[in-house]
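Data block below; observations after.
The values are calculated or read from the model by the stated rules, or taken from the named source; none is laboratory data. Just so we're clear, the structure is a prediction, and the values are computed from it rather than from any experiment. Heads up, the Cβs are rebuilt from the backbone with ideal geometry, glycines too, and the neighbour counts pull from every protein chain shown.
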Amino acid sequence: MRGHRYTALPLTSTCSVICQSYKIIVYQKENRLESEKWDECFITPSVPFAERQKYMRKLIAYIILIFVYLSITACGNNFSMDDIEKYNQTETLPTGEIDVKNIKQLETIDFSITDGEDSITLDSDYNKLKINKSEEKLDNNYVGEIYSGEFVYKVYMHKYTDFDLYVSNSNYNIKNRNFDEYYITQITLKNSTFKTYRNITIGSDVEEIIKAYGYGEELTEEEQNVLIYTLNDMKMQFTIDENYKVQDVVLSIVVKDMH
């Protein structure tokens, strides 16, 4: 320190400065070690990634729910931790115990809709469609193209009051069809006038779906529960709202990936 002038910190001795610096270094070292341990836990875990994802989602859900709990109790409302646990247990659809042993397996006819008068079947020739429903005129019904390897499929839309139909030449190359043959590749219900072959429509209860089709594949899309049933390249999808009612019904053809 000879030959140099240092300005001491106010009310702090040289010894306390050195001691504080030492404490900071030790603290930073310990903090770094703890951080490394934490990172190590997530970077090189002993449990599979899927399991860690599951636990992390639950952890985040619990943190959010606890925050909500603290906010509500701060406002004087009567809300217990048991309520949080009950809420957390309703992440999946409340399908209950439903006997599905005698449910008939899916057939092609299941991927159709009807109002008791007219019927429309997925993957049927659109040019042969005969229904007593008026099509709404569109300025341009061309939707776009779907690419699968070197193959390009074109998609058109036909709009009706109760449903929308999408027609395409999708998968023509693997179904022995001509390029200019267009089949119905998607049916989207818009209200409860039309129903599926097993009487499911917009507004149906989720338990009605299970009783009709069994337990399908359950997914979450855009924070909504979705039940999916498939047969070959045909897919039937039910979107379920917060009241466990059917919000959307979509029947569609899955385009084969030719890569």
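Here are the numbers for the structure shown:
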{"quantity": "From Ile228, Ile187, residue being under 25 Å from Glu107 (Cβ atoms) and crowded, with 19+ Cβ neighbours inside 10 Å", "calculated": "Ile187"}
{"quantity": "Output for the range 155-165, where each listed residue is in contact with a strand residue (DSSP E or B) (Cβ under 6 Å, 6 or more places away or on another chain) and either part of a loop (DSSP other than H, G, I, E, B) or without any contact (Cβ under 8 Å) to a residue 24 or more places away in the chain (or both)", "calculated": "Met157"}
{"quantity": "Where Tyr244 falls short, out of the listed (1) loosely packed, with under 14 Cβ neighbours inside 10 Å; (2) at positive phi", "calculated": "(1)"}
{"quantity": "One residue from Tyr126, Tyr153 being over 29 Å from the mean Cα position of the chain (by Cα), modelled with pLDDT of 95 or more and among the aromatic types (Phe, Trp, Tyr)", "calculated": "Tyr126"}
{"quantity": "Total residues in the range 103-114, condition in a loop (DSSP other than H, G, I, E, B) and among the acidic types (Asp, Glu)", "calculated": "1"}
{"quantity": "Verdict on Glu223 being without any contact (Cβ under 8 Å) to a residue 40 or more places away in the chain, surrounded by fewer than 17 Cβ atoms within 10 Å (Cβ to Cβ), over 23 Å from Ile98 (Cα atoms) and out of contact with any strand residue (DSSP E or B) (no Cβ under 9 Å at 6 or more places or on another chain)", "calculated": "yes"}
{"quantity": "Subset of the range 231-259 that is touching a residue at least 60 places away in the same chain (Cβ under 8 Å) and hydroxyl-bearing (Ser, Thr, Tyr) - its residue that is nearest to Ser112 (Cα to Cα)", "calculated": "Ser252"}
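Every residue, every condition in (1) touching a Lys or Arg at 6+ places or on another chain (Cβ under 9 Å); (2) at pLDDT below 95; (3) more than 21 Å from Asn141 (Cα to Cα), yes or no:
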site: Lys159; (1), (2), (3): yes, no, no
site: Ser168; (1), (2), (3): yes, no, no
site: Thr185; (1), (2), (3): no, no, no
site: Leu189; (1), (2), (3): yes, no, no
site: Thr201; (1), (2), (3): yes, no, yes
site: Tyr229; (1), (2), (3): yes, no, yes
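Residue-wise test of (1) part of a loop (DSSP other than H, G, I, E, B); (2) modelled with pLDDT of 95 or more; (3) over 27 Å from Ile240 (Cα atoms).
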{"residue": "Ile84", "(1), (2), (3)": "no, no, no"}
{"residue": "Tyr87", "(1), (2), (3)": "no, no, no"}
{"residue": "Thr92", "(1), (2), (3)": "yes, no, no"}
{"residue": "Gly116", "(1), (2), (3)": "yes, yes, no"}
{"residue": "Asn132", "(1), (2), (3)": "yes, yes, yes"}
{"residue": "Gly144", "(1), (2), (3)": "no, yes, yes"}
